[in-house]
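Structure, as structure tokens:
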Amino acid sequence: MSIRNLARPEVQAFKPYLSARAEATVQAVMLNANESPWPPPGDGGLNRYPDPQPAALRNRLAAIYGVATNQVWVGRGSDEAIDLLLRAFCRPGRDAVVLCPPTFGMYAVAARLQGAAIHEVPLVGARFELDADAVLAACDATVKLVFVCTPNNPTGTVVPLETITRLATALHGRALVIVDEAYIEFSGLPSASTVLDGHENLGVLRTLSKAWSLAGARVGSLLAGREIVDLLRTIMAPYPLSQPSVDAALAALDRDGEALMHRHVATLVGERGRVFAALVTLPGVRKVLDSRANFLAVRLDDADGVYRALAAKGIVVRNITRYPGLADALRISIGTPTENDRLLAALRGILAGGGA
Ligand SMILES: *Cc1c(COP(=O)(O)O)cnc(C)c1O
């Protein structure tokens, strides 16, 4: 069965906007897009519309992620891919998604905006493990998308690849499994993109916002079979990526940039261990969750008090007490060694004597 049959009927029949840039074959005299013929001061190419799916960027991402170029859709961060997946596959008021809280908030935001129902299947136990049997039991005929975040934000816990392939196999022909790997570079684990070829209903979200230091450029990818990639192309904005973002991404993704990313990841992984070891010795710290990402979820006797006390010292962490199962927790990103030292010194001061 074709993945297209799972998409909304309007999307299956959708005639995309035909952008002038997509019509251009040879670049000789460009009089088709009502652009200015003059570049703006200081920049050579910005008077022209960008490539809707920049070939050089897709090729480089495909090489880095180990997939074929036609398995890469690239857009304004993973957030845009999440939004487009909801719009492509979920009919408002009729279809549903499965989420496993506590997890990243954008899946629910995109679902609510599209009018899709949300079936929540909580992560289970002290280690916040994905309950695959419960996920499959929640997948009635209305469920079109199952979001799996690994390493999971905000817990830092991972889902084994066998669990992902089991879900994809069981949901074949019925729903897509979307694996969000925003933090995979910090995990040392293989990507679910290694099993894309056997699973046409699998999609993998990757981003340049975390390990690659490019949150401000807004570049993220969906790695998936051709049919899913083509569906997103059909309904995407005509020019999702600005040329400066594409140029910044290409510069960061060259060989030197890749080596730098690996050094940064190694530093952050080492710091994650050091900060973890220091935190667990502090009074008032109940538990630090084992994390394979670039942050730690920390359970505290007085999470709100510590959050405010850190803010008063100019250190901003994430208050995650509103998440189910994390009412006593803060999420702390791993920074530079100096920043982490400042965090630990501040926490020692705040927690000395056991009160916030
Ligand atoms: C940070 C993050 C992203 C990245 O989103 P972008 O839109 O690519 O910046 C995606 N998923 C999760 C779980 C995240 O925490």
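The values are calculated or read from the model by the stated rules, or taken from the named source; none is laboratory data. Remember, it's a predicted structure, so these values are computed and weren't measured experimentally. With ideal geometry, Cβ positions are generated from the backbone for all residues, glycine too; neighbour counts draw on all protein chains shown. Just so you know, the surface numbers come from the protein's heavy atoms only, side chains and all, with ligands and any DNA or RNA stripped out. Shrake-Rupley method; radii C 1.70, N 1.55, O 1.52, S 1.80 Å.
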Requested in this report: Write down the accessible area per residue of the chain in Å², having rolled a 1.4 Å probe over the full set of protein chains.
Outcome: 45
Report summary line: Largest fluctuation, 57, 268, 46 only, Gaussian network model of the chain with Cα springs under 10 angstrom, belongs to 46
Query - Under-5 Å amide H pairs with residue 287, H placed in peptide plane, nonlocal only - result: 299
Report summary line: Here, residue 267 and residue 38, labelled 7 Å along Cα→Cβ, have an inter-label distance in nm of 4.4
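Quickly rank 318-328, 8-18, 86-96, 110-120 as a protection proxy: mean count of other C-beta atoms within 10 Å, highest first.
Ranked by mean Cβ neighbours within 10 Å, highest first: 86-96, 110-120, 318-328, 8-18.
Quick one: in segment 41-170, what % of C-alpha pairs are over 27 Å apart? All intermediate terms of the calculation are to be shown ahead of the outcome.
Numbers: 2675 of 8385 pairs.
Here the tail beyond 27 Å accounts for 32 percent of pairs.
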Query raised in the report: Taking amide hydrogens as modeled 1.01 Å from N in the peptide plane, which residues meet the under 5 Å criterion relative to residue 179, leaving out close sequence neighbours?
Result: 148, 203, 204, 205
Query raised in the report: Any idea which of 155, 104, 136 is furthest toward the positive side of the dipole for segment 96-177, if Lys and Arg beta-carbons carry +1 and Asp and Glu beta-carbons -1?
Result: 104
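For residue 260, what charge total do you get from the other residues with a beta carbon under 13 Å from its beta carbon, if Lys and Arg give +1 and Asp and Glu give -1?
Values: positive: 255, 263; negative: 185, 254, 256, 258.
Result for the local shell: -2.
When the dipole is taken about the Cα centre of segment 52-141, and only Lys, Arg (+1) and Asp, Glu (-1) are charged at their Cβ, what size is it in debye, to the nearest 20?
Working: 8 positive and 9 negative charges, 91 e Å.
Approximately 440 debye in magnitude.
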Query raised in the report: What list of ³J(HN,Hα) couplings, whole Hz, do you get for segment 327-333 from phi and the Karplus terms 6.51, -1.76, 1.60, once you set θ to phi - 60° and write x for glycine and proline?
Result: 4, 10, 10, 10, 10, 10, 6
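Report the net charge of residues surrounding residue 249, where surrounding means a beta-carbon distance below 13 angstrom and charges are Lys +1, Arg +1, Asp -1, Glu -1.
On the way: positive: 58, 60, 76, 206, 218; negative: 51, 247, 254, 258.
Every neighbour counted, the sum reads +1.
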Requested in this report: Have a look at 229, 267, 245 and report the one farthest towards the positive end of the charge dipole of segment 182-272, computed about the Cα centre with Cβ charges (Lys/Arg +1, Asp/Glu -1).
Outcome: 267
Report summary line: Largest fluctuation, 62, 217, 141 only, Gaussian network model of the chain with Cα springs under 10 angstrom, belongs to 141
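Sequence gap at least 6, Cα distance under 8 Å: using those rules, report the relative contact order of segment 190-315 to the nearest whole percent. Kindly include the intermediate steps, with their values, before the conclusion.
Values: 100 pairs, mean separation 18.0, N = 126.
Averaging sequence separation for qualifying contacts and normalising by length gives 14 percent for segment 190-315.
If contacts are Cα pairs under 8 angstrom and at least 6 residues apart, what is the relative contact order of segment 245-310 in percent? Before the final figure, lay out each step's value.
Numbers: 38 pairs, mean separation 12.7, N = 66.
The value is 19 percent.
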Query - Assigned charges on the beta-carbon of Lys, Arg, Asp, Glu; the chain dipole about Cα centre (debye) - result: 400
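Taking the Cβ of residue 2 as the centre, find all other residues whose Cβ is under 10 Å away and add up their charges (Lys, Arg: +1; Asp, Glu: -1).
-1
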Requested in this report: Determine the share of the chain's accessible area contributed by carbon and sulfur atoms, expressed in whole percent, with a 1.4 angstrom probe.
Outcome: 54
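What is the magnitude of the charge dipole of segment 154-246 about its Cα centre, with +1 placed on the Cβ of each Lys and Arg, -1 on the Cβ of each Asp and Glu, and no other charges, expressed in debye to the nearest 20?
On the way: 7 positive and 8 negative charges, 42 e Å.
The dipole of segment 154-246 has a size of about 200 debye.
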Query raised in the report: Pick from 225, 44, 216: which is most flexible by mean-square fluctuation in a GNM of the chain where alpha carbon atoms under 10 Å apart are linked?
Result: 44
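For segment 1-77, what is one quarter of the convex hull surface built on the Cα atoms, given in nm²? Write down the numbers at each step before the final one.
Details: hull surface 32.6 nm².
Hull-based average projected area comes out at 8.1 nm².
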